[in-house]
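Novice: Could you have a look at this structure, given as structure tokens, before my questions?
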Amino acid sequence: MTGWLKKKWAGLLLLWIFLLGAWQIGALLYGPEVIPGPVDTVNGAIELLKDGSLPKYIGISFYRVFSGWALGSLLAIPLGVLIGRVDIIRHFAEPLLNFIRFIPPIAFITLFLVWFGIGEQSKIALILYATLFIVMMNTLTGVLSVEEDKIRAARSMGASEWQIVLHVIVPATAPYMFTGVRLAMGTSYMAIVGAEMIASNEGIGFLIWNSRLFFRTDWIFVGLISLGLMGFATDRLFGWFGRKVLWRYGVIGSAPVRR
């Protein structure tokens, strides 16, 4: 175990050294105006930290992503279970879902601005849309994959439909729900960047888009790295939650550790 961990960390260290070296070579070849090097990017981050804009923009983007993602997941999971369990609803809803889910969230920005205004509601609604169909389709797939023998066994012991859903369907579908929610988190970050670029004066997307006016490619890199760190941190936190809380339902928060 210890030897494997040493190899893992050594490999990660070598990978980061290679990436930083390639980044620096690109900066030397094309100049800091096109590709700012690691030092220039760090200096840009320090500049944004000093005036307080970077923490503010990160907080605003995270609030929008978390609000839309949480609301979308809370709506999508019961809807997915309902569609999966009721045949007549699934007959009409499934074709509609398979039609709408292929329309990207970015295509709805203009409509959401008209419907919800330029405030927070339009951004949160966009994230909700980006989350809804991913979680719903994963939940629906999980419900349909539950073995019929388990449902018959529960019914033969006198379980009601509600008890079957609560004690058979939901536990068996938990890994699908977890996967859908986790995938939707990544889509939410992609959607918020587009929304903040087009219709916002705050947030990481706004920082990236607005930096072009000043030709501050170092700020653009700071925004990109901030998004990556935000996504990485939330994904790791959610993976930890899955391992610690949902392990009994067969949820694996991350790849298993070799021993």
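The values are calculated or read from the model by the stated rules, or taken from the named source; none is laboratory data. Being a predicted model, the structure only gives us computed values, none of them experimental. Note: ideal-geometry Cβ built from the backbone for every residue, glycine included; neighbour counts use all protein chains shown.
Novice: So if I check each of 67, 73, 61, which one is within 30 Å of residue 140 (Cα to Cα), at pLDDT 85 or above and touching a Gly at 6+ places or on another chain (Cβ under 7 Å)?
Specialist: 61
Novice: With respect to residue 90, determine if the residue is among the basic types (Lys, Arg), in a helix (DSSP H, G or I) and either more than 30 Å from residue 232 (Cβ to Cβ) or touching a strand residue (DSSP E or B) at 6+ places or on another chain (Cβ under 6 Å) (or both).
Specialist: yes
Novice: Now a separate question. May I ask you to list the residues in the range 178-225 that are at positive phi and surrounded by fewer than 22 Cβ atoms within 10 Å (Cβ to Cβ)? Walk me through how you get there before you give the answer.
Specialist: Applying the first criterion (at positive phi) to the range 178-225 yields 203, 215.
215 - this is the single residue of the range 178-225 that is at positive phi and surrounded by fewer than 22 Cβ atoms within 10 Å (Cβ to Cβ).
Novice: Could you check the range 95-146 and list, in sequence order, the residues that are assigned to a loop (DSSP other than H, G, I, E, B) and touching a residue at least 24 places away in the same chain (Cβ under 8 Å)?
Specialist: Passing the criteria: 101, 118, 146.
Novice: Would you point out the residue of the range 76-112, among those that are touching a Gly at 6+ places or on another chain (Cβ under 8 Å) and over 14 Å from residue 137 (Cβ atoms), that is surrounded by the fewest Cβ atoms within 10 Å (Cβ to Cβ)?
Specialist: Among residues in the range 76-112 that are touching a Gly at 6+ places or on another chain (Cβ under 8 Å) and over 14 Å from residue 137 (Cβ atoms), the one surrounded by the fewest Cβ atoms within 10 Å (Cβ to Cβ) is 106.
Novice: Take the residues in the range 113-158 that are of a type in the set (Ser, Thr, Tyr) and loosely packed, with under 14 Cβ neighbours inside 10 Å, then tell me which one is farthest from residue 199 (Cα to Cα).
Specialist: Going through the qualifying residues, I end up with 156.
Novice: In the range 188-222, how many are part of a helix (DSSP H, G or I), in contact (Cβ under 8 Å) with a residue 24 or more places away in the chain and of a type outside the set (Phe, Trp, Tyr)?
Specialist: Residues that pass the stated criteria total 15.
Novice: Another question about this same structure. Give just the number: which of (1) more than 23 Å from residue 143 (Cβ to Cβ); (2) among the aliphatic types (A, V, I, L, M); (3) touching a residue at least 60 places away in the same chain (Cβ under 8 Å) does residue 229 not satisfy?
Specialist: (3) is the only condition that residue 229 fails.
Novice: Please specify each residue of the range 46-66 satisfying the condition of being in contact with an Asp or Glu (Cβ under 8 Å, 6 or more places away or on another chain), surrounded by 15 or more Cβ atoms within 10 Å (Cβ to Cβ) and not aromatic (Phe, Trp, Tyr).
Specialist: Correct list: 60, 61, 64.
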